[in-house]
């Protein structure tokens, strides 16, 4: 019977291959889009602030080059039609103009994007905000511009979690769990403690966070609501618990438990707090993260003698961990790209330095994406185009980021040290 | 029950075979009017300067005269090198022997050929317009391919772009769709013969394949 099907398939094949004209595109440009951003009309102070924030948002993506403000031309409009030729001469692809509308208790922006090549308005949109939330307004607008030009959702309006450590004059540390905008501005303290806080993790809805706090003397995982500040420990066991990671449906946490003196991965069902053991190994198993669909988890294990990345398929009844990193003697802290087409992780290269690396499933080599020497804790933005990670500069921990499209940036230095960033989901 | 099952299996098989034969024949007839893969090679663009329709008109009237003007031909031939001479002579002989029906069939072949070249000329224009508009994302996996199907109006305006095969990479797929959006209109469609448009360029498939 199989042979018969094969025969039919062979007979059918030539018919399927006929049809429409088929053209192949093999070359494209890798240059960023060139955009001219006219400062928005309205209050000049607000306009300047907006312009700065949006400019930085767009440059950080690595997909835009924004024309210097000094080089901007006056926007000529004749008979309601923009004069495109000047902008074409400047080599621009797009032009962005906008107006700030400040009306009773609300601050709105209406903006327009013009395609210089098509000589046409490609977007006209409005963002509603409140006066003391200019940053948010700017981020929404830059996400609108980004999406309209690239077709991909922007992440300027997403947020970051990270841990801040400051030392006072007597060298006692204070640890703070911080929340900030994707550009590091607008910092808020979620928790302050004299004991270490580590491994912050976002709930997929962006309304709660999980983290490890040593406030009771041992590592314990807490869940905290951002708005109310209400928090609770997820398990009352005496064992050390660490590295929480939220499942994409928000119903489970994967954790590392040191229950029998050895670190193993467990999955905790939040509804009734039942634990399921996922690994059983003499070596350390930790740093679990979920796949975007929630059917697999990645973790780091020392079972081969060096830290390597393993994958568990949760759809199977008794899943067996599959090793997925093979290059070098140290691969850890892995997380999936949003489309599950690859992983981002920390890799120690042959020169002994730690870098952030990317491995696509379909490729049999890794791509090293950073070049500092102590890069750690990468966290991937929800659109998969940016990664934030920890760096060491003059022995101080800081946060840096890069986009897969080639941009690199550092987050503004806070007081003290900053580490373990976690990028939220889309928040709108 | 077993017999019944076998009967069903046999009839299914027979149905499939008949369907396949029918489609196969249908397909071979259709094959004459449809084109297969054209791979973009920028060098091919130069092909458009050769005007095949003129060639076909020039070549054929000369042929009956070859006997009469042989003297002139020889003097011409001397200019060429020997190998070229031989080739030309053998070609000439072959042509003289061929009868009128052969010539006619050859003419129609040339016509098809010229249409082919016209298609490839327009195809090259489409390819270069899309290539100019395509911002290829960086740091994407190797070997990605995304296929789109475009519906185009006779004015050259793209009315729909449908992703028929995803590359699996959202940035790559989006850049392909975005490239087509940026092109929006193939402005040279207004000089394209209506029949050619109806036949070939109403719906086209485009493959983004940078490797």
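The values are calculated or read from the model by the stated rules, or taken from the named source; none is laboratory data. Note that the structure is predicted; figures quoted are calculated from it, not measured. Glycine also receives a Cβ, built like all others from the backbone with ideal geometry; neighbour counts cover every protein chain displayed.
Report yes if some residue within the range A:116-126 is buried (at least 19 other Cβ atoms within 10 Å of the Cβ) and either assigned to a loop (DSSP other than H, G, I, E, B) or modelled with pLDDT under 90 (or both); otherwise report no. The answer is yes, given that some residue of the range A:116-126 is buried (at least 19 other Cβ atoms within 10 Å of the Cβ) and either assigned to a loop (DSSP other than H, G, I, E, B) or modelled with pLDDT under 90 (or both). Between A:235, A:312, A:253, A:298, the distinction of being in contact (Cβ under 8 Å) with a residue 40 or more places away in the chain and over 17 Å from residue A:199 (Cβ atoms) belongs to A:312 only.
Hey, could you check the range A:144-156 for residues that are assigned to a helix (DSSP H, G or I) and free of Cβ contacts under 8 Å to residues at least 40 places away in the same chain and say which is nearest to the chain's Cα centre (by Cα)? Among those residues, the one meeting the criterion is A:147. Among the conditions (1) at pLDDT below 95; (2) surrounded by 15 or more Cβ atoms within 10 Å (Cβ to Cβ), residue A:211 misses just one, which is (1).
In the condition set (1) more than 9 Å from chain A (Cβ to nearest Cβ); (2) at pLDDT 85 or above; (3) in a helix (DSSP H, G or I); (4) over 23 Å from residue A:338 (Cβ atoms), residue B:159 is compliant with all but (3). Summed over the range B:167-211, residues that are part of a helix (DSSP H, G or I) and either over 26 Å from residue A:122 (Cβ atoms) or out of contact with any helix residue (DSSP H, G or I) (no Cβ under 6 Å at 6 or more places or on another chain) (or both) total 23.
If the condition is being more than 9 Å from chain A (Cβ to nearest Cβ) and crowded, with 19+ Cβ neighbours inside 10 Å, then the range B:162-172 contributes B:167, B:172. Residues in the range A:311-347 that are part of a loop (DSSP other than H, G, I, E, B), more than 13 Å from chain B (Cβ to nearest Cβ) and either within 19 Å of residue A:243 (Cβ to Cβ) or in contact with a strand residue (DSSP E or B) (Cβ under 9 Å, 6 or more places away or on another chain) (or both): A:314, A:315, A:319, A:320, A:321, A:324, A:325, A:326, A:327, A:328, A:329, A:330. Examine the range A:262-270 for a residue that is within 21 Å of residue A:329 (Cβ to Cβ) and at pLDDT below 95, and state whether such a residue exists. For the range A:262-270, residues within 21 Å of residue A:329 (Cβ to Cβ) and at pLDDT below 95: present. Residues in the range A:21-80 that are surrounded by fewer than 18 Cβ atoms within 10 Å (Cβ to Cβ), within 14 Å of chain B (Cβ to nearest Cβ) and closer than 24 Å to residue A:154 by Cβ: A:29, A:30, A:31, A:34, A:65.
For (1) farther than 21 Å from residue A:165 by Cα; (2) without any contact (Cβ under 8 Å) to a residue 40 or more places away in the chain, each residue gets a yes or a no:
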{"residue": "A:351", "(1), (2)": "yes, yes"}
{"residue": "A:372", "(1), (2)": "yes, yes"}
{"residue": "A:386", "(1), (2)": "yes, no"}
{"residue": "A:390", "(1), (2)": "no, yes"}
{"residue": "A:412", "(1), (2)": "no, no"}
{"residue": "A:428", "(1), (2)": "yes, no"}
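Candidates in the range A:268-286 are the residues that are in contact (Cβ under 8 Å) with a residue 40 or more places away in the chain and assigned to a strand (DSSP E or B); of these, the one that is surrounded by the most Cβ atoms within 10 Å (Cβ to Cβ) is A:286. Tallying residues that are outside any strand (DSSP E or B), touching a strand residue (DSSP E or B) at 6+ places or on another chain (Cβ under 8 Å) and without any contact (Cβ under 8 Å) to a residue 24 or more places away in the chain within the range A:157-195 yields 3. Within the range B:133-147, not a single residue is assigned to a loop (DSSP other than H, G, I, E, B), more than 10 Å from chain A (Cβ to nearest Cβ) and surrounded by fewer than 15 Cβ atoms within 10 Å (Cβ to Cβ).
Considering the range A:348-364, the residues that are over 18 Å from residue A:307 (Cα atoms) and assigned to a loop (DSSP other than H, G, I, E, B) include one that is farthest from the other protein chains (Cβ to nearest Cβ), namely A:364.
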